[in-house]
């Protein structure tokens, strides 16, 4: 069934991506590539699958960022106009370099702000669901601690800033966004993510080797471009059902 710009996938229409993300997620995780114009559907989709998306859906990311920074954050925090401008600048800096491995002193200098204020800005963007801040387990219990790595909260937001985002970044952002809703996620010594106390995850494509984490107990690969898991290899799309 087709209706104007809407394409039916597994019983749902693409407009459901806009109106009901939880409903549309399962449909898109089992969807298939459609049409010649394609785009990754990010956190509400199996990230390796591509779908034709109306342009206004893609443009929505910029509007979401503006709404959060200009309206939502000031409604719950006392922030001045200059702070709003610094939040926008900070988000742009990170968005163009995700996954962002920060050199914090350089970041504070670009923002013309102090360490304390810079960390506060990061916290506000995280609370506004625009940033994901990946920290070691030790740092995660400290207030105002610098993260080891930063992501835009969802791959959708990545496309609002950069249509040519690397697939490896999409995979990691997708994994972090979904799993952090259901468990504690930390920056590990080895691998990409540590889940709770003792699970290590490396994220990659179908040919990803086990070399980096082969000697670590409770270690797994989260693999894109596969439908079924085997041994310690888990299909990346399955983590989407944790959201």
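Roughly speaking, what is the stretch gain from residue 212 to residue 92, that is 0.36 nm per residue apart minus the C-alpha to C-alpha distance, in nm to one decimal? All intermediate terms of the calculation are to be shown ahead of the outcome.
On the way: separation 120, 0.36 × 120 = 43.20 nm, distance 3.18 nm.
Gain in length upon complete extension: 40.0 nm.
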| message | Take residue 197 and residue 166, extend 7 Å from each Cα along the Cα→Cβ direction, and tell me the distance between the two endpoints in nm. | response | 3.5 nm
| query | Using the count of nearby Cβ atoms within 10 Å as a rough guide to exposure, how do 124, 238, 96 rank from fewest to most? | reply | 96, 238, 124
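Sort 79, 185, 141 so the one with the fewest other Cβ atoms within 10 Å of its own Cβ comes first. Provide the component values of the computation, followed by the final result.
Numbers: 79 17, 185 25, 141 9.
By the 10 Å Cβ count, ascending: 141, 79, 185.
Give me the extension gain from residue 85 to residue 67: residue separation times 0.36 nm, minus the current Cα-Cα distance, reported in nm with one decimal.
Extra length available between residue 85 and residue 67 comes to 5.2 nm.
Fewest to most neighbouring Cβ within 10 Å: what's the order for 227, 202?
Details: 227 9, 202 23.
By the 10 Å Cβ count, ascending: 227, 202.
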| request: Specify whether the C-alpha gyration tensor of the range 132-243 places it in the rounded, prolate or oblate class, a ≥ b ≥ c being the square roots of the eigenvalues: rounded for a/c under 1.5, otherwise prolate if a/b is larger than b/c and oblate if not. | output: oblate
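Any read-out appearing in this document is the output of simple, stated calculations on the displayed coordinates, not a laboratory observation. Fair warning: this is a prediction, and the values are worked out from it, not measured in the lab. Methodologically, a virtual Cβ is constructed for each residue, glycine included, from the backbone with ideal geometry; neighbour enumeration extends over all protein chains shown.
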